[in-house]
Amino acid sequence: MLPNEIHRKLESIVQGNVIKEQADTCSTIRNFLCTRYTTDTTVKKDFEGKQRIKKEQGQLLKNYAIETHQFFTSIPENWTYLTRGGESRVFLHDDQKHVVKLNEGIYYTTWLEYFNSLVIHNLLFPDTSYELLGLIELDNAIFAVLKQPFVISDETADLLAIREYLEFNGFSHLKRQDYFNEELGLILEDMHDENVIKKGKSLFFIDTVFYISR
């Protein structure tokens, strides 16, 4: 069961409203975008057509990052490269307690859709919440620079345990490892044992993809 306060904030995100009481870095940039653009609810439709909007938002974000001194001109040398997945380039932060993910939001039609997903993740999974460090431009593409707690798994997460956890929090299983919260209109995709890890008795959701479907 989701706490009432979390539920209320999720509803605000779905409705495209600014969440004034959220002061974290991901919410700040998400609020900045949603005052200028409408939250999209047509999941994965007209992907190519929306690239114009995404490019426009990317330039807006770059200008914002430069003005607020959150624009990286290069990748810091004290970050250790770890791997590159389908969505992110991953580095070990120099504090050895966090990873840094460079993400260009390729699974999302717009940057607002991407930052909506990040804020939803932070509300639902605070143990692995993202902190936006800034933006960087690599190979003529804008990337979000995100910091996240580094959790080392000591056991493979059981898919049934993942399903039970999500169903307890209002997400119904759709197919494969995809879930849907009908009340909120949220789709959560690809919750397999590489995106959810187990440490001790706890599950840690480290990579999530949320879409708003209403």
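A few points about this structure:
- Cβ separations smaller than 8 Å between residues 6+ apart or across chains give the following pairs from the stretch 66-84 residues that are within 17 Å of residue 144 (Cβ to Cβ) to residues that are in a loop (DSSP other than H, G, I, E, B): 76/94; 79/93; 79/94.
- Flag if residue 39 is assigned to a loop (DSSP other than H, G, I, E, B) and buried (at least 18 other Cβ atoms within 10 Å of the Cβ): no
- The stretch 191-214 - residue that is under 17 Å from the mean Cα position of the chain (by Cα) and in a strand (DSSP E or B) and, of those, surrounded by the most Cβ atoms within 10 Å (Cβ to Cβ): 196
- Contact map, the stretch 129-148: residues that are within 14 Å of residue 54 (Cα to Cα) paired with residues that are among the β-branched types (Val, Ile, Thr) and part of a strand (DSSP E or B), Cβ distance under 8 Å, separation 6+ or inter-chain. Pairs shown: 142/136; 143/136.
- Residue check for residue 77: more than 20 Å from the chain's Cα centre (by Cα) and either part of a helix (DSSP H, G or I) or surrounded by fewer than 20 Cβ atoms within 10 Å (Cβ to Cβ) (or both): yes
- Residues of the stretch 173-190 satisfying the condition of being within 24 Å of residue 8 (Cα to Cα) and either assigned to a loop (DSSP other than H, G, I, E, B) or within 20 Å of the chain's Cα centre (by Cα) (or both): 178, 179, 180, 181, 182, 183, 184, 185, 186, 187, 188, 189
- Close contacts from the stretch 4-26, counting a first residue that is surrounded by 12 or more Cβ atoms within 10 Å (Cβ to Cβ) and small (Gly, Ala, Ser) and a second that is modelled with pLDDT under 95 and not in a loop (DSSP other than H, G, I, E, B), with Cβ to Cβ under 6 Å and a gap of 6+ residues or different chains, come to 16/34.
- Only one entry of 167, 194 meets the criterion of being without any contact (Cβ under 8 Å) to a residue 60 or more places away in the chain and over 29 Å from residue 94 (Cα atoms), and that entry is 167.
The values are calculated or read from the model by the stated rules, or taken from the named source; none is laboratory data. Fair warning: this is a prediction, and the values are worked out from it, not measured in the lab. When we count neighbours, we look across all protein chains shown, and the Cβ atoms used for this are built from the backbone with ideal geometry, even at glycine.
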